[in-house]
């Protein structure tokens, strides 16, 4: 940066303008431990250094990939000397991203399996109210599961068959059969019922499997953006850690929260 990290004094407004923030936001970040504690002039005004610029650069770069809460926790850990905890938090975010990628892969594999299997067979015309509709016994047999499993999926909101008004039997229409087949594939992939329900909501909102392709493409794009943001955040965090090393290391924990302003500094 070409500046002395220990002696160059910056006002709160200088730090705020550089990052497009308000001076109050800068003070809030310091109070929250996201920034190291500022030095104070004899009159009580805050003064920041280029090290604080690095800290704010790191925090703002971490937010898109890790979220505000985790980014704040990472910075508090670093500023309190807990780099081990900071690295653990970073690792957890990367593990969550990997888990999300595996979920997406599982959904796409399930959809490919459904496409390869072709359209569902129609139930008996004399008992089914519409082509493709079926009852719990035939559907369970087709999937190789017990009827009790379908009833458990219904209680979890994964399949929503209607009741025949005359017999009271469950009637699974085309969309219900699709949901049951997709649930079956995801369960075979190790997904829990509570993980499957939001995915099925996406299928229903998209109007079926074919429109879901755009949802999956968007999902891929969001994961890629998050991964790229994590790389950017890691680079800024590394720069901040290097700057701290050059500036003399750790801020004592008892300095992470400063006394209230006695002025407008």
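The values are calculated or read from the model by the stated rules, or taken from the named source; none is laboratory data. Only a predicted model underlies this, so the values are computations on that prediction, with no experimental measurement involved. All Cβ positions, glycine included, derive from the backbone under ideal geometry; neighbour counts span all protein chains shown.
Against the definition (out of contact with any strand residue (DSSP E or B) (no Cβ under 7 Å at 6 or more places or on another chain) and either over 17 Å from residue 135 (Cβ atoms) or at pLDDT 85 or above (or both)), how does residue 160 come out, yes or no? Judged against the criteria, residue 160 is a match. Those residues that are closer than 9 Å to residue 136 by Cβ and part of a loop (DSSP other than H, G, I, E, B), I need them from region 156-173; list them, please. Hits for region 156-173 are 161, 169. Residue 65 passes every criterion in (1) surrounded by 22 or more Cβ atoms within 10 Å (Cβ to Cβ); (2) over 22 Å from residue 18 (Cβ atoms) apart from (2).
Just give me the residues in region 71-96 being in contact with a helix residue (DSSP H, G or I) (Cβ under 6 Å, 6 or more places away or on another chain) and crowded, with 17+ Cβ neighbours inside 10 Å, in sequence order. Within region 71-96, 71, 73, 74, 75, 77, 78, 80, 86, 89, 93 meet the criteria. Tallying residues that are closer than 21 Å to residue 78 by Cα, part of a loop (DSSP other than H, G, I, E, B) and in contact with a strand residue (DSSP E or B) (Cβ under 9 Å, 6 or more places away or on another chain) within region 9-35 yields 1.
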